[in-house]
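Have a look at the structure below before the remarks.
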Amino acid sequence: MKVTFPHMGNMAIVVKALLKELNIEFIPPPPITKRTLSLGVQHAPESACLPLKMNIGNFLEAAEKGADTVLMAGGIGPCRFGYYNQVQREILNDLGVNLNMIVLEPPDNHIGELLKRLRALTGSNSWWRLVKAIRFAFAKCEALDDLEKAASRIRCRELQRGDVDRVYAQACEAIDQTTTPKEIEQCRDEFLTKMRSLPLDHQKRPIRIGIVGEIYTLLEPSSNGFMEKNLGRLGAEVSRSIYLSEWVNEHLLKGLLPVKGHKLTRKRAQPYLSCMVGGHGQESIGATIEYAQQGYDGVIQVGPLTCMPEIVAQSIMPNVEKDFHIPVLTIYVDEQTGEAGLLTRLEAFVDMLERRKRNQVESGMQG
Amino acid sequence: MKITSVLTLSPTKVEAERPPIIGIPRALGYYEYLPLWRAFFECLGCSVVLSPVTNKAILDQGVRASVDEACLPVKLYYGHVKALSGKTDYVFVPRMISVQSKTYLCPKFLGLPDMLRGAAAFDSTYPQMLVANVNSRLSGGGWDKALMEAAEELGFSRLRIREAQKIAWKAQKDFEHRLIQGEYPPSALAIWEKSGRVLEPEGVLPRSTKRRESAPSGGPRIAVMGHSYQLFDSFTSMNLLARLKAKGVRVITPLATDDEKCRQATRFLPKRLFWSFGQKLLGSSLHLMNEPLDGLIYVAAFGCGPDSMIGEMVERHARRLDQVPYLLLTIDEHTGEAGVVTRIEAFLDLITRRKEGHLLSAKAQLG
């Protein structure tokens, strides 16, 4: 069995750690390139959302390298992500690509279904070993999130453009190489220090932007035109509403681990969106409110084109904007999105926020 | 900061003298549940007002009020709700979360009342809305609870509500029975489009003895698949059904397949579909494909999540069977009538030629 999995941000490092601990052979899909996307677009339904297309590309490229099993997450609605694996199975089947799918999703009738699927993956490993492996992989996940958060925060302060990204890439590489929980911690601390000791402009008071929206387009930089990097370089401090460890804990582990969840965020969204709408619709609204309360200057909502939960959130966003006085820019991405066009929109938004902040400061001085 | 919620209803005022006038928008759930709603409210003594048949003005209103990315049926819903302003005391906007156990509707149905209230916060001309949650996922949820909630909010007594529910269900069951019998859905719905049906001496039970519309016998048998709010709204479907009938086509719609047959037809799939309307579409498409059928037209709304997945599944299965020609019509507010007509004509030509071809090859084999 040679297991592969779809890319989503730093997910590859985490899954690799998990599979390595369990002694399962794996073939990570090649990094997402233009070819990945065009393979996906060629075979996936035209009006499906972007993550499905990228997943198909990942699977096909991994299959070329010899993978025969896919490990991926699923769901039970109402977002269409839950039905991805079925449609992907049909597509791969028609292409004559033989990939066995192991889908991690809530069981339909009985918990045994999930355990059986897990057994198919873990083989002769004991449950205890699986728990240990999950904990180890999750530690990596958290370390990566810490590094990513730090990078997004200080990128706007770097004096030498590209410094932060260079150190961040090294850090990811190093975390990938670690083999014990202790090493992970050391590695994280080492690189956090390294990042902070880069030549930085500590006097700068940048505008702060929160990014909310759909999980895949938030986490996978190649799907959102490297939005965080570009915003940082335009001089904005960036924070994201969801990080990988939170998603893994909430979606895959059902909140078993004591990590900050989004329960409170969803509660904040209640007055505007009182019902769960799948995906991260409620979180988008709630997180926007949180950012406004924390004094952020603006919020960007990202999602794949035709994403249903984000459309619901987008429809309600004007009310949040009005009540909390925070500008929100909604950006949908699909295979047609070009980085240059996106950059122009981000530039305009950042300019607008900077001017707004300057005006507020000036009028504050006069008053 | 004070949070003004868009969900806080202003206190309801039931005038003792006059029962309230309830508006029902002619969109989305209307095409499946009108008899239930109408009979229920009329039995309570309310008068029921329907919004006008979809027209250009309603479309324009809807497009202006909603976000660009929403699908056409949702945009129309905005328009229909707005068209009722000034004519009613309340517009009945059920939040249809789930109408069958273990399923969902699309996220936009789930968020619809919130989306409308969001829009109403900026536009004071929106009518007052009567919202009730329909959630069959919860035990004791479903329509009964939703109607109970709605009517209690209007100030009716429980006993009276239960009585009305009984009659309303009779009406709905009668309607569904007619559909399964193969009655053309718009004509089955038509008797509920005028008021006072529940008062007629024969009540709501007797089946129509009226001669069923004589279906043309020799024409091709074509299944037209799509959400009922898409197919039966003759404005959005470009009058597709009537057009096909005029050309002598025997039209079959998904409503004519009962749930049990749908379940049987999708049993072989490894994953159950979690959208209830979607399950009906997929099930009845797969079911009909195994019957003698000359063609299958799938009418999808642009940006509809379930359609993008189900349309793909149906297409792939149709191609594998290689017996039924398949046409996918994707419709949004920019779709031109002429374009649709051309495609239908081409499709019908193809079917005719295919039939002739079969005849010829059969003759050649005989000769």
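The values are calculated or read from the model by the stated rules, or taken from the named source; none is laboratory data. On a predicted model such as this, the values are computed, not experimentally measured, just so you know. Here Cβ is always computed from backbone atoms with ideal geometry, including for glycine, and neighbour counts include all displayed protein chains. Surface areas here come from the heavy atoms of the whole protein model, side chains and all, with no ligands, DNA or RNA. Shrake-Rupley method; radii C 1.70, N 1.55, O 1.52, S 1.80 Å.
Just name one of B:I21, B:N55, B:A151: the one whose Cα is farthest towards the positive end of the charge dipole of the protein assembly as shown (beta-carbon charges, Lys/Arg +1, Asp/Glu -1).
Toward the positive end, the furthest listed residue is B:A151.
Roughly how big is chain B's charge dipole about its Cα centre, with Cβ charges of +1 (Lys, Arg) and -1 (Asp, Glu), in debye to the nearest 20?
Details: 48 positive and 38 negative charges, 153 e Å.
Computed about the Cα centre, the dipole is about 740 debye.
Just to be sure I understand the model, the point goes 7 Å from the Cα along the line to the Cβ. What's the resulting B:E345 to A:L252 distance in nm?
5.5 nm
In whole angstrom, and with the biggest value first, how far do the Cα coordinates of the protein assembly as shown range along each principal axis?
Computed over the Cα atoms, the extents are 86, 83, 50 Å.
Express in whole angstrom the spacing between the alpha-carbon centres of the stretch B:179-197 and the stretch B:351-367.
Answer, in whole Å: 40.
Got the relative contact order for the stretch A:238-352 handy, in percent, Cα pairs under 8 Å and 6 or more residues apart?
Values: 111 pairs, mean separation 24.1, N = 115.
Taking the mean separation of contacting Cα pairs over the length of the stretch A:238-352, I get 21 percent.
Restricting to Cα atoms and excluding each atom paired with itself, what does the Kirkwood estimate give for the stretch A:268-338 in Å?
Working: mean 1/r = 0.0815 Å⁻¹.
Evaluated on the stretch A:268-338, it is 12.3 Å.
Classify the stretch A:176-294: rounded, prolate or oblate, from the alpha-carbon gyration tensor (a ≥ b ≥ c, eigenvalue square roots; a/c under 1.5 rounded; otherwise prolate if a/b is larger than b/c)? Working shown, then result.
Working: a/c = 2.00, a/b = 1.26, b/c = 1.59.
Verdict is oblate for the stretch A:176-294.
Taking the Cα centre of chain B as the origin and placing charges on Cβ (Lys, Arg +1; Asp, Glu -1), which of B:Y90, B:L327, B:A132 is farthest toward the positive end of the dipole?
About the Cα centre, the residue reaching furthest to the positive side is B:L327.
Tell me the trypsin sites (Lys or Arg not before Pro) within the stretch A:16-87 that lie in a loop according to DSSP and have at most 12 other beta-carbon atoms within 10 Å. Walk me through the numbers before you get to the answer.
On the way: sites: A:K16, A:K20, A:K34, A:R35, A:K53, A:K65, A:R80; in loops: A:K65.
Passing both the DSSP loop test and the Cβ count: A:K65.
Would you please give the FRET efficiency between B:E260 and A:L114, computed as 1/(1 + (r/R0)^6) with r the Cβ-Cβ distance and R0 = 30 Å, to the nearest 0.05?
Working: r = 28 Å, r/R0 = 0.94.
About 0.60, to the nearest 0.05.
Going by alpha carbons, how many degrees (0 to 90, nearest 10) lie between the helix axis of A:84-95 and the longest principal axis of chain A?
Computed tilt is about 60 degrees.
Between B:A246, B:A168, B:A301, which gets the highest mean-square fluctuation from a Gaussian network model of chain B, Cα cutoff 10 Å?
Result: B:A246 has the largest fluctuation of those listed.
Taking the 0 to 90 degree range and rounding to the nearest ten, how far is the long axis of helix B:276-289 tilted relative to the main principal axis of chain B, both from C-alpha atoms?
20 degrees
Go through the stretch A:166-181 residue by residue and turn each phi into a ³J(HN,Hα) via Karplus (6.51, -1.76, 1.60, θ = phi - 60°); whole Hz please, and just put x for glycine and proline.
Computed from phi, the couplings for the stretch A:166-181 are 5, 5, 4, 5, 4, 4, 4, 4, 5, 4, 4, 7, 5, 10, 10, x Hz.
Could you tell me the distance between the Cα centroids of the stretch B:53-95 and the stretch A:161-221, to the nearest Å?
Result: 47 Å between the Cα centres.
Beyond a 26 Å Cα-Cα separation, which of these cross-linked pairs lie in this structure: A:K229/B:K108; B:K75/B:K261; A:K65/A:K194; A:K182/A:K229; B:K75/B:K280; A:K34/A:K254?
Working: A:K229/B:K108 32 Å; B:K75/B:K261 32 Å; A:K65/A:K194 36 Å; A:K182/A:K229 30 Å; B:K75/B:K280 23 Å; A:K34/A:K254 34 Å.
Those over the limit are A:K229/B:K108; B:K75/B:K261; A:K65/A:K194; A:K182/A:K229; A:K34/A:K254.
Can you give me the long-range amide H partners of A:M101? Hydrogens built in the peptide plane at 1.01 Å from N, cutoff under 5 Å, separation of 5 or more residues or another chain.
A:V70
Give me D for the stretch B:235-367 in µm² s⁻¹, whole number, from Stokes-Einstein with Rh from the Kirkwood sum over alpha-carbon pairs, 10 °C and 1.306 mPa s. Walk me through the numbers before you get to the answer.
On the way: Rh = 16.2 Å.
Value of D from the Cα-based Kirkwood radius: 98 µm²/s.
How about the stretch B:287-367: which chymotrypsin sites (Phe, Trp or Tyr not before Pro) there are in a DSSP loop, with at most 12 other Cβ atoms within 10 Å of their Cβ?
Working: sites: B:Y298, B:F302, B:Y326, B:F347; in loops: B:F302.
Passing both the DSSP loop test and the Cβ count: no residue.
What is the mean projected area of the alpha carbon convex hull for the stretch A:206-367, to one decimal in square nanometres?
Details: hull surface 39.8 nm².
Its average projected convex-hull area is 9.9 nm².
Please give the Cα centre distance for the stretch A:9-80 versus the stretch A:300-337, rounded to the nearest Å.
A separation of 26 Å, based on Cα centres.
Please list, in chain and number order, the residues 5+ apart from A:I211 or on another chain whose amide H is under 5 Å from its amide H, with Hs placed from the backbone.
Result for A:I211 returns A:S239, A:R240, A:S241, A:I300.
Percent relative contact order of chain A, based on C-alpha pairs within less than 8 angstrom and at least six residues apart?
Details: 568 pairs, mean separation 58.2, N = 367.
Once normalised by length, the contact order is 16 percent.
Any idea what the relative contact order of the stretch B:21-199 is, in percent, if you count C-alpha pairs under 8 Å spaced at least 6 apart? Could you put the intermediate results ahead of the total?
On the way: 259 pairs, mean separation 47.6, N = 179.
Answer for the stretch B:21-199 is 27 percent.
Working out 0.36 nm times the residue gap between A:M365 and A:K149, then minus their Cα-Cα distance, what length gain in nm do you get to one decimal? Mind showing how you got there, number by number?
Values: separation 216, 0.36 × 216 = 77.76 nm, distance 3.25 nm.
So the chain would gain 74.5 nm between A:M365 and A:K149.
Just check the stretch A:3-125 against the gyration tensor rule for me: Cα atoms, a ≥ b ≥ c as the square roots of the eigenvalues, rounded for a/c under 1.5, and otherwise prolate or oblate depending on whether a/b exceeds b/c. Could the numbers behind the result be given before it?
On the way: a/c = 1.74, a/b = 1.21, b/c = 1.44.
It is oblate, given that a/c is not under 1.5 and a/b is not larger than b/c.
Could you do me a favour and compute the accessible area per residue for the protein assembly as shown, 1.4 Å probe, result in Å²? Show your work: numbers first, answer last.
On the way: 31680 Å² over 734 residues.
Value for the protein assembly as shown: 43 Å² per residue.
As an exercise, use a Förster radius of 56 Å and the Cβ-Cβ distance of A:K16 and B:I21 to find the FRET efficiency, rounded to the nearest 0.05.
0.30
Check B:G226: other-chain or 5+ apart residues with amide H under 5 Å from its amide H, H built from backbone geometry?
B:V299
Which FRET efficiency, nearest 0.05, do B:S47 and B:D144 yield, Cβ-Cβ r, R0 25 Å? Intermediate values should be presented prior to the final figure.
Details: r = 23 Å, r/R0 = 0.91.
That pair, B:S47 with B:D144, gives E of 0.65.
Could you state how much accessible area B:W169 has, in square angstrom rounded to the nearest 10, with a 1.4 Å probe and all protein chains kept in place?
Spelled out: B:W169, probe radius 1.4 Å, area about 70 Å².
Which one, B:V340, B:L359, B:I310, projects farthest toward the positive side of the charge dipole computed for the stretch B:221-366 from Cβ point charges (K/R +1, D/E -1)?
Of the options given, the answer is B:L359.
Run the quick spin-label model on B:E291 and B:R64: label points 7 Å from Cα toward the beta carbon, then report their separation in nm to one decimal.
Taking the simple label geometry, B:E291 and B:R64 are separated by 4.5 nm.
Starting from the Cα gyration tensor of the stretch B:304-367, take the square roots of the eigenvalues, sort them a ≥ b ≥ c, and report rounded, prolate or oblate (rounded when a/c is under 1.5, otherwise prolate if a/b is larger than b/c, else oblate). Write down the numbers at each step before the final one.
On the way: a/c = 8.15, a/b = 1.69, b/c = 4.84.
Note, shape of the stretch B:304-367 comes out oblate.
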